[in-house]
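What follows is a single structure, written as structure tokens, with notes after it.
The values are calculated or read from the model by the stated rules, or taken from the named source; none is laboratory data. All figures in this text were calculated on a predicted structure; none of them were measured in a lab. Here Cβ is always computed from backbone atoms with ideal geometry, including for glycine, and neighbour counts include all displayed protein chains. With ligands, DNA and RNA removed, areas are computed over all heavy atoms of the protein, side chains included. Shrake-Rupley method; radii C 1.70, N 1.55, O 1.52, S 1.80 Å.
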Amino acid sequence: MEKSLSPLWLQVWVEAGREGRIFTYRAPADLELAAGDLVTLRLRGRPQIGLVVETLAEPPADLDPAVIQPVEGLHQAAAVDPRWQALLQEVARHCHTSLFRTLKTALPPGWLGQRSGRSQGQRPRHQLWLELVENPPGSPPLTSRQQQLHERLRTCPGSAAPQGTITAWGFSRSLLQAMAAKGWLRSSQRLPAGGHGGHGGSSTAALEPPRALNPEQQQALGGILSASGHQEFLLWGVTGAGKTEVYLQAAAACLASGRSALLLTPEIGLIPQLLDRCRARFGERILEFHSGLSERARIAAWRRCLQADSDTALIAVGTRSAVFLPLARLGLVVLDEEHDSSYKQDSPMPCYHAREVARLRCRDAGAALVLGSATPSLETWLACRRLDQPARLLRLSRRISGQEAAPVRVVDLRQELAEGHRRLISRPLMERIERLQERGEQAVVLVPRRGYSSFLSCRSCGEVVECPHCDVALTVHRLRDGSQTLRCHWCGHRQALTSRCGSCGSTAFKPFGAGTQRVMEQLEQELSGLRLLRFDRDSTRGRDGHRRLLARFEAGEADVLVGTQMLAKGMDLPRVTLAAVLAADGLLHRPDLRASEHCLQLLLQLAGRAGRGERPGEVIVQTYLPDHPVIQHLIDGRYDAFLEAELQLRRQAGLVPFSRACLLRLAGPSGAATATATAALAEQLRPRVEQAGWQLIGPAPAVVARVAGRYRWQLLLHGPAGADLPLPPEAELRAGLSRGVSLSIDPDPIEL
Ligand code: ADP
Ligand code: ZN
Ligand code: ZN
């Protein structure tokens, strides 16, 4: 097409307040722009990146061309194509939010909307880092809240952290400004670590050949490859049955036909292992995308997707957010550990589920969707019985190693107690751990919480030491120098271990529950010479933190790995013959619709860590409730029997997925104002909700009623499965809220 010489007029979507608005801009003569381009511009003098939605030959009649501003430059050509935008429109509808916010979430950070004043042009923006200044001149005093930030930053590497991280801890920008003004903080231009390929040499190294598949794997692969057009599969195989090998070979076939594939994993901690396997097989065709990458690396990954053609089809490996990558000619999407709730975004909006987004993408692209798990979610299992386009079930029933599933032994803690043993670690478990070293074996021990012990309570009055900003107990953590401190897992608040009870003045405290650190301490005391490593969020910080710790364990640096939930996921350690759970009860008692399902999934995953090598494994579960159905299903190892029983229960009670739920979460700095706003919203919605045959439950305070100083209330809507939400548009819902009160709409929430 011939380039028009007259100035071109553009309709550009920019961020105005919370939402997007379309304004007319002029295209400079030297820039050829089209719908789908991202452009830099100014709105009311402030720099922004906007999305060109339409080009016009004439300016709109109601505008004086002389006052129309030009855009400043091209940020990214062809960033948004119509098909991808249509997909996002569908996601926005599902999530009951605007297309603009959904676009902002799906695009790389900083690509759409307001930008900070200093950044410019096409250079990717780096996060502002704030660094502590020790003893600034005059050392002006800090308020107690500023003191908290000071303490917190001091424990960070280099006494510095990105501003975004600091505000996520619950410290306000005005507090940061005040501290900077006093000279306690300075900004540093440091580049965030990571964000490079960094694994080197794969272009020259020979690629690893695929393995010869066993008959079950062959059948599964054959099933996936025989799909013409969109088809959904549930690949259900015990851990170690060779699911990943099937994914890799399906992805290879996809590449060979010039199409791209997307492999998703729920946890950032599982990325390194999967990447290693993919790089060995596919070399440079691999693209990595997850929140552990720097902004710059995420942007580079995006650009690579936009530039890919059929000769350079890609295999993208990532976490939840990678589901939005603009991969053209998508042939396959795999969700490994599809039951994992990390695939669901709870906040901010859009509260999407990666499985749903993947399903939409695969339908649109005519691609295969493979949902893999050893313990599929009830929803996916039901999808195999759908009348309309049912998912196909592919099963892998045996481990590659030929090992049977490790037998489960339950230790009844009531009996231990009756016999006078009140230790965290029961006698049978202790005996088993004692023998590890002489046999050259290893164990993983799951402690459902991180930290030293769960919380502290006063021995005299029973008062629990709580976070000043949240309605949760503080957790005791032990520092390297042996001293102890209290921490809040919800907002990041830290304080010194209280020496006197705030309510009665007593100095005697009693720790309750047992965190990873306390378990380690007890094991060390009772078994001298036992070597331990801790695996939780505190010990695996930083890029590659997981991988380094696991490598040390695999190299035999320790006999026992003590860790939280993370421990159960996906690792393949041949010398581990024992997997133990210290207190299964904490997992069984959660007030959640899916508590049983999630607990059994976790325990089975953990059990799958034992006996993956040559030697048989064993699982030991300590509990006060040995007769609980979840424990019984764990012992018999028949997850399908559990699903069948759970299905009946939910069907009879009309619970999800035999009905639909939606959670409206409100939060604000004042408890009373938030409660009032929630009640007003309930009254506004009730007639409409009830007329649609739905129920409105609440207002009720959230399970944790206050986090980081914000009071949280909620409304629950409950209605027929598959029905549309009986809600007015989001903007209308928001319009009636009082100032400072936020609202988030979570359709199909995971935790209920
Ligand atoms: P899953 O993903 O189901 O846990 P993996 O694919 O990780 O299982 O397989 C478990 C182990 O068996 C891995 O070390 C893998 O390399 C190996 N493996 C998988 N399939 C085969 C095969 N067909 N032949 C030999 N080894 C295999
Ligand atoms: Zn807190
Ligand atoms: Zn007290």
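Yes/no per residue for (1) part of a helix (DSSP H, G or I); (2) closer than 19 Å to T319 by Cβ; (3) open to solvent by less than 50 Å² (accessible area, probe 1.4 Å):
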{"site": "V80", "(1), (2), (3)": "no, no, yes"}
{"site": "W84", "(1), (2), (3)": "yes, no, yes"}
{"site": "L88", "(1), (2), (3)": "yes, yes, yes"}
{"site": "V91", "(1), (2), (3)": "yes, yes, yes"}
{"site": "H96", "(1), (2), (3)": "no, no, yes"}
{"site": "L103", "(1), (2), (3)": "yes, no, yes"}
{"site": "P108", "(1), (2), (3)": "no, yes, yes"}
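If you go through region 612-640 and keep only what is outside any strand (DSSP E or B) and of a type in the set (S, T, Y), you end up with Y624, Y639. Based on what the data block shows, is V707 open to solvent by less than 60 Å² (accessible area, probe 1.4 Å) and either in contact with a helix residue (DSSP H, G or I) (Cβ under 9 Å, 6 or more places away or on another chain) or not assigned by TED's automatic domain parsing to the domain that holds G586 (or both)? So V707 fits the description; yes. Looking across region 637-649, just one residue is modelled with pLDDT under 90 and of a type in the set (D, E, K, R), and that is R638. Only a single item in (1) in contact with a helix residue (DSSP H, G or I) (Cβ under 8 Å, 6 or more places away or on another chain); (2) of a type in the set (V, I, T); (3) under 24 Å from F535 (Cβ atoms); (4) in a helix (DSSP H, G or I) is not met by V323, and it is number (3). The single condition among (1) of a type in the set (G, A, S); (2) assigned by TED's automatic domain parsing to the domain that holds L561; (3) surrounded by fewer than 21 Cβ atoms within 10 Å (Cβ to Cβ) that A610 does not meet is (3).
Looking at A252, A220, A206, just one residue is open to solvent by 30 Å² or more (accessible area, probe 1.4 Å) and within 15 Å of ligand 1 (Cβ to nearest atom), and that residue is A252.
Please pick out the residue among S460, S426 that is touching a residue at least 24 places away in the same chain (Cβ under 8 Å), touching a helix residue (DSSP H, G or I) at 6+ places or on another chain (Cβ under 6 Å) and either among the small types (G, A, S) or within 16 Å of ligand 3 (Cβ to nearest atom) (or both). Working first, answer last.
Working: S460 fails: touching a helix residue (DSSP H, G or I) at 6+ places or on another chain (Cβ under 6 Å).
Result of the check over S460, S426: S426.
Of all residues in region 300-315, exactly one satisfies the criterion of being under 16 Å from A365 (Cα atoms), touching a strand residue (DSSP E or B) at 6+ places or on another chain (Cβ under 6 Å) and not in a loop (DSSP other than H, G, I, E, B), namely I315. Counting residues in region 680-701 that are in contact (Cβ under 8 Å) with a residue 12 or more places away in the chain, in contact with a Phe, Trp or Tyr (Cβ under 7 Å, 6 or more places away or on another chain) and either part of a helix (DSSP H, G or I) or open to solvent by less than 30 Å² (accessible area, probe 1.4 Å) (or both) gives zero. Condition check: within 16 Å of ligand 2 (Cβ to nearest atom) and either at pLDDT below 90 or open to solvent by 70 Å² or more (accessible area, probe 1.4 Å) (or both). Does R459 satisfy that? When the stated conditions are applied, R459 does not pass them.
Just to be sure, is E379 away from ligand 1 (no atom under 16 Å from the Cβ) and in contact (Cβ under 8 Å) with a residue 40 or more places away in the chain? Outline the logic, then answer.
Numbers: away from ligand 1 (no atom under 16 Å from the Cβ): yes; in contact (Cβ under 8 Å) with a residue 40 or more places away in the chain: yes.
So E379 passes the test.
Can you name the residue in region 287-326 that is under 27 Å from R541 (Cβ atoms) and among the basic types (K, R) and is also most open to solvent (accessible area, probe 1.4 Å) among such residues? Within region 287-326, the match that is most open to solvent (accessible area, probe 1.4 Å) is R296.
Results for (1) open to solvent by 40 Å² or more (accessible area, probe 1.4 Å); (2) modelled with pLDDT of 75 or more; (3) within 20 Å of G563 (Cβ to Cβ), shown as yes or no for each residue.
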site: T485; (1), (2), (3): no, yes, no
site: W490; (1), (2), (3): yes, no, no
site: R500; (1), (2), (3): yes, yes, no
site: S506; (1), (2), (3): no, yes, no
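Of all the strands (runs of 3 or more DSSP E) wholly in region 517-583, which have at least 1 residues that are under 23 Å from R480 (Cα atoms)?
Working: elements: 532-535, 560-563, 576-581.
It comes to 532-535, 560-563.
Is it the case that P720 is within 30 Å of R487 (Cβ to Cβ) and open to solvent by 40 Å² or more (accessible area, probe 1.4 Å)? Judged against the criteria, P720 is not a match. Selection of first residues in region 388-417 that are under 20 Å from V630 (Cβ atoms) and of second residues that are at pLDDT below 90 and exposed (fewer than 15 other Cβ atoms within 10 Å of the Cβ), restricted to Cβ pairs under 7 Å at least 6 apart or on distinct chains, gives the following pairs, ordered by first then second residue: A406/P616. Would a scan of region 570-587 turn up a residue that is open to solvent by 40 Å² or more (accessible area, probe 1.4 Å) and at positive phi? No, there is no match, as no residue in region 570-587 is open to solvent by 40 Å² or more (accessible area, probe 1.4 Å) and at positive phi.
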